[in-house]
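The values are calculated or read from the model by the stated rules, or taken from the named source; none is laboratory data. Please read all numbers here as calculations on a predicted model, not as lab measurements. Note that we place each Cβ from the backbone using ideal geometry, even for glycine, and neighbour counts take in every protein chain shown.
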Amino acid sequence: MTLLDSITRAAAEAESGGNLSPISKFPVVLNADDIFPQLKPDSEAPDGASLVKRVSGWKISETDAEIAELAAGFAKTLRRKLKKTRSFDQGKFLDLLNSFLRNNAEKIGLSLSSDPSDASGPDFTRAAIEKLGFLIGREVAALIAEGCVVLELWEVLESLILQGLVGHLNSINLVEKLMEKSRSELLCLFVKHVPDLRSSELLSVLKYFLSPTEVSYRSMIRVRKQWEKQGLLAIEKAAQKGIPKKVSNVAKEASILLMVAYDGFSSSELCLHYVFGSSNLDGLMLSSAISKLDGSEVLCLIRYFVKWLEKYQRFPEAGPCPSAGKVLGLKACESVPSLESVLRGLELVLDEHFLYLVLNSEFHDEMRVAEKVINSLASEADLCFPVDDIIKYLQEVKRNEDL
């Protein structure tokens, strides 16, 4: 029996109940240091050439068992409450959630607040989720997220997203629901912080940003205000006197980067920064999503990339500033697309829609601008591979145009 066969068989037995312990419905983080030393080879297991050896003695700690029981009870109650939302308001939801979080904190001996009066509102909830997020299983997180959407507790949902507690593994169609509610700022955070984003979700987000409705565009103004606030903070820090030179230099670099990322971009394009500045998205996923965009969306995306190329041409001193978030709280710097990511994105657009671009004269003006800027950048950039590929694409477009 191969290792794959052994694993497949063991998984099937666990799923059917077999001789193995059932998989916990509400998993918690277990302390392996207390568990592994207790494991011993199963004396009743038959000897042989099996690659998987059964063990006995598996037992989780009493604390972990109690936490799992708390999660199961909370999930059961919350699921029942969410079926009757008319009698379940924000206050009752927060009371239930905060009680669950406090009980978990007591089990592990963690203090959440020195003032009992602070343990009832959304601020307490956000702080508690930040400290206890590792104890919240994906099913429970999905239920909490559902409650936040239904009751419009956006600050609490933001905390769940920032802690990486939502994703497609516990999907409640969150991307779709955030679009319906026009919560563009939360969609931006979703793209940035969810590591298991699906290609279909990314496509929906791209279409939402590239073809905004009047209502959704108004919600994107909240994103613009966040970028503006971050830019002003960077300028303020850069002009501040009496701070260490190293911190001052970081502030100056961040102010230039945020100025470049903010000026000249529309509110919807500022939202696109989170897509192409994200480290969670690989080329295959982006390629799949970009290939399904329509002509007008492709044109908007090319114009977005050309704006970035012109910015990097005019401001060569603008570059990644990874320490700005930790040192100065300028988290927006983490979402600014690098020159490399811009070139990669443009390459994917040209690769996926090349024939359409060649045949549609509407795109030729944009391609001429892109070719001019890229030729200028090519002599200075170290990113020779993507630049070279894009130049070849543009030259092919030009040749077809001349025919």
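For this structure, a couple of remarks:
- Scanning the stretch 75-94 for residues that are closer than 15 Å to residue 148 by Cα, surrounded by 12 or more Cβ atoms within 10 Å (Cβ to Cβ) and touching a residue at least 12 places away in the same chain (Cβ under 8 Å) yields a count of 10.
- Top-ranked residue in the stretch 263-301 [being of a type in the set (D, E, K, R) and part of a helix (DSSP H, G or I); ranked as nearest to the chain's Cα centre (by Cα)]: 269
- Residue match in the stretch 263-276 (condition: crowded, with 21+ Cβ neighbours inside 10 Å, among the aliphatic types (A, V, I, L, M) and in contact with a Gly (Cβ under 7 Å, 6 or more places away or on another chain)): no
- Close Cβ contacts (under 7 Å, 6 or more residues apart or on different chains) running from residues in the stretch 178-190 that are at positive phi and not assigned by TED's automatic domain parsing to the domain that holds residue 167 to residues that are of a type in the set (Val, Ile, Thr) and surrounded by fewer than 22 Cβ atoms within 10 Å (Cβ to Cβ) comprise 182/215.
- Residue check for residue 250: touching a Phe, Trp or Tyr at 6+ places or on another chain (Cβ under 8 Å) and either closer than 18 Å to residue 323 by Cα or not aliphatic (A, V, I, L, M) (or both): no
- Scanning the stretch 317-356 for residues that are part of a helix (DSSP H, G or I) and over 18 Å from residue 307 (Cβ atoms) yields a count of 13.
- Residue within the stretch 25-35 that is at pLDDT 65 or above, surrounded by 14 or more Cβ atoms within 10 Å (Cβ to Cβ), under 34 Å from the mean Cα position of the chain (by Cα) and under 30 Å from residue 147 (Cβ atoms) present: no
- If only residues of the stretch 120-143 that are touching a residue at least 40 places away in the same chain (Cβ under 8 Å) and over 13 Å from residue 104 (Cβ atoms) are counted, the one that is surrounded by the most Cβ atoms within 10 Å (Cβ to Cβ) is 143.
- Taking (1) part of a loop (DSSP other than H, G, I, E, B); (2) at pLDDT below 95 in turn, residue 246 satisfies each apart from (1).
- Set 190, 100, 93: member being assigned to a helix (DSSP H, G or I) and within 26 Å of residue 267 (Cα to Cα): 190
- Among the residues of the stretch 57-77, the one identified as among the polar types (S, T, N, Q), closer than 19 Å to residue 106 by Cα and not in a loop (DSSP other than H, G, I, E, B) is 63.
- Residues (buried (at least 18 other Cβ atoms within 10 Å of the Cβ) and within 25 Å of the chain's Cα centre (by Cα)) located in the stretch 221-249: 223, 224, 227, 230, 231, 233, 234
- Selection within the stretch 295-315 - crowded, with 17+ Cβ neighbours inside 10 Å and of a type outside the set (D, E, K, R): 298, 299, 300, 301, 302, 304, 305, 306, 308, 309, 312
- Residue in the stretch 267-278 that is touching a residue at least 40 places away in the same chain (Cβ under 8 Å) and over 24 Å from residue 211 (Cβ atoms) present: no
- Of residues in the stretch 131-163 being of a type in the set (Asp, Glu) and part of a helix (DSSP H, G or I), the one farthest from residue 173 (Cα to Cα): 155
- Qualifying residue in the stretch 164-171 (condition: among the β-branched types (Val, Ile, Thr), at negative phi, part of a helix (DSSP H, G or I) and crowded, with 21+ Cβ neighbours inside 10 Å): no
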